[in-house]
Amino acid sequence: MVGRVALVSLGVLLLEHCSTVTLTRYTQQRADVTRASPTVAVLLTELLKMCFSVGLELTSLFGIGSASSPRKLHAAVCLRQWDTMRLAVPSLLYTLQNNLIFVALAHLEVVTFQVLYQAKLLITAVLSVIFLGHRLTAMQWAALLMLTIGVVAVELSNSEEVPQAKRSRRNVQQDTFTLGVGTVSAFAAALLSSTAGIYFEVIVKAKELDAPSLWTRNVQLGLFSIPLAFGGVLVAGPASWDPNVLLQGFDWVVILLVLLNASGGLVVASVIKYGDNILKNFTTASSVVFGTLLSVVLFGFRPKLQFAWGATLVAVAAFVYATNGRASPADADEAHEEQDTLVAGEHCAHAAETESSMRIADSV
């Protein structure tokens, strides 16, 4: 059963991701505009998430903050080194995932990559059953399969058609080894993305004495994600360290995208803690559909018939999954935990699938 905090978090995530999808489409349609550096955008996103997390940990902010003290935050982050080090794992997994995405895109057509990468929807469900004890009905497995097919159809309907001549030339150049490297990289990226999400879910749902708040967990995560993001900037080799050069191309649209991804990362962790990764995947899939529909109104985008039946599959899958579930022991424990949390007045919404990193890289 999904609790109130999870429902609110899912709603906010849907709104955030819809806005991101719409703004991303707008940036892709702009011509003769200086492109912002994706690696700098990722670094700014991680820095913002750290600022937001520290602020929410130290204040009450409309009842969603922890209202802790700098001393307690320091103790949780710096004096419990082993606990903090556990958050290095998802940061490293997401970094490796992003590198594998670049490898896959270098060896595959974008459309092929999009299809293969959606395997993460089913991989996440399998890992949830293995490591979190989730129990899914046969109808829910069928809904997940429908969701995967629907998302692939929607993604393909948004892709540019590759000219036949260009496609033929590229196919001639690609050999079996090249396609194999791209395929393995795409599946490996999907596996790492799912594994990082499940790993983080295990940590934030663990029943521990004096467990850190969700905001503290995000601070711990940021201690590793910020240096990794900075490393990405170094590897990219900026032309100059002059702020005017580094921030070239950061107009109001890109800045808004950075803000959305930073805040969205916080909401994602709230969904993972009070819901789960599968619900997160359903929400982000639905947001792609709604974001495309907004593009029809705002930018005159003309969806194909493929989008229509893909969106229908996503909607049907969401309905089937929601109406054919059964409570597992883990779900019951989470419901009791959430009730205790609400009574105590601790409302949370938190932190970060550095998958936002990939979304920024695609958008800018």
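Can you tell me which of Leu58, Leu79, Leu44 is under 17 Å from the mean Cα position of the chain (by Cα), open to solvent by 50 Å² or more (accessible area, probe 1.4 Å) and modelled with pLDDT of 90 or more?
When all the criteria are applied, what remains is Leu44.
For segment 282-318, the candidate set comprises residues that are not aromatic (Phe, Trp, Tyr) and not in a helix (DSSP H, G or I); within that set, the residue that is most open to solvent (accessible area, probe 1.4 Å) is Arg302. Only a single item in (1) at pLDDT 90 or above; (2) open to solvent by 60 Å² or more (accessible area, probe 1.4 Å) is not met by Val172, and it is number (1).
All of Ser9, Ser68 fail the test of being touching a residue at least 12 places away in the same chain (Cβ under 8 Å), part of a loop (DSSP other than H, G, I, E, B) and farther than 17 Å from Leu256 by Cα, apart from Ser68.
Filtering segment 246-281 to residues that are buried (at least 24 other Cβ atoms within 10 Å of the Cβ) and of a type in the set (Phe, Trp, Tyr) leaves only Tyr274.
Against the criterion of being more than 19 Å from Thr284 (Cα to Cα) and not in a loop (DSSP other than H, G, I, E, B), Phe224 qualifies. On the stretch given as segment 178-214, residues that are open to solvent by 60 Å² or more (accessible area, probe 1.4 Å) and free of Cβ contacts under 8 Å to residues at least 24 places away in the same chain total 4.
Being assigned by the TED database to the domain that holds Val233, small (Gly, Ala, Ser) and within 30 Å of His134 (Cβ to Cβ) narrows it down to one of Ser9, Ser68, so name that one.
Numbers: Ser68 fails: within 30 Å of His134 (Cβ to Cβ).
Being assigned by the TED database to the domain that holds Val233, small (Gly, Ala, Ser) and within 30 Å of His134 (Cβ to Cβ) holds for just one of Ser9, Ser68, which is Ser9.
The values are calculated or read from the model by the stated rules, or taken from the named source; none is laboratory data. The shown structure was predicted, so the numbers you read here are calculated from the model rather than taken from an experiment. All Cβ positions, even for glycine, are placed from backbone atoms using ideal geometry, and neighbour counts span all protein chains on display. Note: areas computed on protein heavy atoms with side chains; ligands, DNA, RNA excluded. Shrake-Rupley method; radii C 1.70, N 1.55, O 1.52, S 1.80 Å.
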